[in-house]
2 protein chains.
Amino acid sequence: MPSTTSSGPSLREISRDAVRARITEVALDLFAERGFDQVTVDQIAAAAGMSGRTFHRYFPAKEDVVVGEPERWGEFVRDAFAARPADEPVWDSLLASFEAFIGLLAQDGRVQRGKVGMRILVSTASLRARNLEKHQLWGRMLLPLVAARLPDDGDTALRAEIIVQASLACLDVAFTTWADVDDDTTISELLERSFAMLRPTA
Amino acid sequence: MPSTTSSGPSLREISRDAVRARITEVALDLFAERGFDQVTVDQIAAAAGMSGRTFHRYFPAKEDVVVGEPERWGEFVRDAFAARPADEPVWDSLLASFEAFIGLLAQDGRVQRGKVGMRILVSTASLRARNLEKHQLWGRMLLPLVAARLPDDGDTALRAEIIVQASLACLDVAFTTWADVDDDTTISELLERSFAMLRPTA
DNA sequence: CCGCATGTGTCAGGGCCTGACAGATATGGC
DNA sequence: GCCATATCTGTCAGGCCCTGACACATGCGG
């Protein structure tokens, strides 16, 4: 058993990530060309040189090719939030965490491909649904941390829930309108403007 | 052809609604007992005395039994919003529209059954997803009306989007926490408290 | 060279959903 | 009461998504 010999990602994992990336590339091309619902899993698999069964060994569901790995990125956002100073206003911390996430995407050069993916996403019902589920997962991951930051005024649970959901709505709107327009407006910019509309004016 | 002889709902429609109600009743019982994913469409159909094919003639998808008819209720909410005075603050109009919707549910005596349905809903991934899609539909229906109410400050589109999404998030939180607790807290009360946390403090 | 873990293909099957067809039922006109 | 029509229903066939089970291949360590 190789166990964790030394370096971070094992060879297996590198290979696995590479195959995932290849599948994603092929699939997004097909989706952009024909539409998500008009492409079958077997067609993606064939284009990527594998069987349909193997496709499902990399992606539990067809939607996951577009939506990505909510759990993984959710942990990133959660950790980013946790790393913020404890006396910072929650809205600021949330904004910073989301922007860190956006920066993570940009770093991978996924931005351009991300726009293609986003357009596919907003144009397909089952994808929108899966994406909204992702947000709910993030919400459940962020909720306890946000609640811990709020003053205990007897309504903390509800307030935390609202803040988390509202900020996620901002994130969603930012991504959606970003994918919608053709100019070079930044997601971060849209996100900041969105936050500014909701956060307490104080 | 009967056309529209006179009275509102034709006999066909009454029958159709009755069958739908019967299916809903049977299905919710099964879901509450075994869980949504552990009940097949054929089992629901058998319990309701019909074939699986016929079930799908009343509900396009299994999830629709729990989620209901988003289009229909969305129109109700939209119309309720449109009926509000044009000089009322949008947040007030939205709150009033949602409360009218809640009142509609209560009127049908669906509240108790609604709580059962809500609990099934929040405990099943595919149902949560479908429900969130419903909210997106409502959002698209409300968006133009909300935008028309806002002062044209150059950022109206984004602001309208944010307000709609945030208010829908409030509605979602209100319903979810309502289903979560066992006391007699009203949905309306939760909704008002949620709104109070987001609307401009002015 | 031999075990062992991992990756892959094939096969079979369940579940959701749809189109097509034929039989049953109800509605409205005569 | 009878017929033409529209509607409802069941059955059948099929496609698609996804999963478990099995067998074969590949690569690694001893």
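The values are calculated or read from the model by the stated rules, or taken from the named source; none is laboratory data. Source: prediction; values computed, not measured. Don't worry about glycine lacking a Cβ; one is built from the backbone with ideal geometry, like all the others, and counts go over all protein chains shown. The area values use the complete protein model at the heavy-atom level, side chains included, leaving out ligands, DNA and RNA. Shrake-Rupley method; radii C 1.70, N 1.55, O 1.52, S 1.80 Å.
Among the residues of region B:41-53 satisfying the criterion of being in contact with a helix residue (DSSP H, G or I) (Cβ under 6 Å, 6 or more places away or on another chain), hydrophobic (A, V, I, L, M, F, W, C) and farther than 17 Å from B:L127 by Cβ, which is least open to solvent (accessible area, probe 1.4 Å)? So the residue we want is B:A45.
Taking the criterion of being of a type in the set (A, V, I, L, M, F, W, C) and open to solvent by less than 20 Å² (accessible area, probe 1.4 Å), the residues of region B:112-131 that qualify are B:I120, B:L121, B:L127, B:A129. When region B:189-202 is filtered for residues that are open to solvent by 30 Å² or more (accessible area, probe 1.4 Å) and within 15 Å of B:I102 (Cβ to Cβ), the ones remaining, listed by number, are B:E189, B:E192, B:R193.
B:A125 passes every criterion in (1) in contact with an Asp or Glu (Cβ under 7 Å, 6 or more places away or on another chain); (2) away from DNA strand C (no atom under 16 Å from the Cβ) apart from (2).
B:V116 meets the conditions (1) farther than 30 Å from B:R199 by Cβ; (2) within 16 Å of DNA strand C (Cβ to nearest atom) in every case but one. The failed one is (2). Restricting attention to region B:7-42, the residues that are near DNA strand C (Cβ under 10 Å from one of its atoms) and at pLDDT below 90 total 5.
Against the numbered list (1) more than 16 Å from DNA strand C (Cβ to nearest atom); (2) more than 14 Å from chain B (Cβ to nearest Cβ); (3) aliphatic (A, V, I, L, M), A:V90 comes up short only at (2).
For region A:187-200: of the residues being charged (D, E, K, R) and free of Cβ contacts under 8 Å to residues at least 60 places away in the same chain, which is nearest to the other protein chains (Cβ to nearest Cβ)? Of everything passing the filter in region A:187-200, A:R193 is nearest to the other protein chains (Cβ to nearest Cβ). Any chance you could count how many residues in region A:168-186 are in a helix (DSSP H, G or I), in contact with a Ser or Thr (Cβ under 9 Å, 6 or more places away or on another chain), more than 8 Å from chain B (Cβ to nearest Cβ) and not small (G, A, S)? Going through region A:168-186 one residue at a time, the tally reaches 2. Within the span defined as region B:45-57, every residue fails to be among the β-branched types (V, I, T) and under 25 Å from B:K115 (Cα atoms). In region B:47-73, the qualifying residues are those that are closer than 21 Å to B:L191 by Cα and either modelled with pLDDT of 95 or more or within 14 Å of chain A (Cβ to nearest Cβ) (or both), and the one that is nearest to DNA strand C (Cβ to nearest atom) is B:V67.
Residues checked against (1) in contact (Cβ under 8 Å) with a residue 24 or more places away in the chain; (2) closer than 29 Å to B:E63 by Cα; (3) out of contact with any helix residue (DSSP H, G or I) (no Cβ under 9 Å at 6 or more places or on another chain):
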position: B:V90; (1), (2), (3): yes, no, no
position: B:F98; (1), (2), (3): yes, yes, no
position: B:R119; (1), (2), (3): yes, yes, no
position: B:P144; (1), (2), (3): no, yes, no
position: B:A147; (1), (2), (3): no, no, no
position: B:T156; (1), (2), (3): no, no, no
position: B:C170; (1), (2), (3): yes, yes, no
position: B:D184; (1), (2), (3): no, yes, yes
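A:G103 meets all of the listed conditions (1) open to solvent by less than 50 Å² (accessible area, probe 1.4 Å); (2) modelled with pLDDT of 95 or more but one, namely (2). Applying the criterion of at least 1 residues that are under 21 Å from A:L132 (Cα atoms) and in contact with a Lys or Arg (Cβ under 8 Å, 6 or more places away or on another chain) to the helices (runs of 4 or more DSSP H) found wholly in region A:1-108 leaves A:11-34, A:64-67, A:70-82, A:90-107. Of everything in region B:18-40, what is open to solvent by less than 40 Å² (accessible area, probe 1.4 Å) and more than 11 Å from DNA strand D (Cβ to nearest atom)? Give them in sequence order. Within region B:18-40, B:T24, B:V26, B:A27, B:L28, B:L30, B:F31, B:G35, B:F36, B:V39 qualify. Just to be sure before I move on: is B:A147 more than 22 Å from A:T177 (Cα to Cα), more than 8 Å from chain A (Cβ to nearest Cβ) and assigned to a helix (DSSP H, G or I) in the structure I sent? Against the criterion (more than 22 Å from A:T177 (Cα to Cα), more than 8 Å from chain A (Cβ to nearest Cβ) and assigned to a helix (DSSP H, G or I)), B:A147 does not qualify. Within region A:154-167, the presence of at least one residue that is more than 10 Å from every other protein chain (Cβ to nearest Cβ), over 21 Å from A:A80 (Cβ atoms) and open to solvent by 10 Å² or more (accessible area, probe 1.4 Å) is confirmed. Scanning region B:74-88 for residues that are touching a residue at least 40 places away in the same chain (Cβ under 8 Å) and surrounded by 13 or more Cβ atoms within 10 Å (Cβ to Cβ) yields B:G74, B:E75, B:V77, B:R78, B:F81, B:A82.
Against the criterion of being open to solvent by less than 50 Å² (accessible area, probe 1.4 Å) and within 13 Å of chain A (Cβ to nearest Cβ), B:G139 qualifies.
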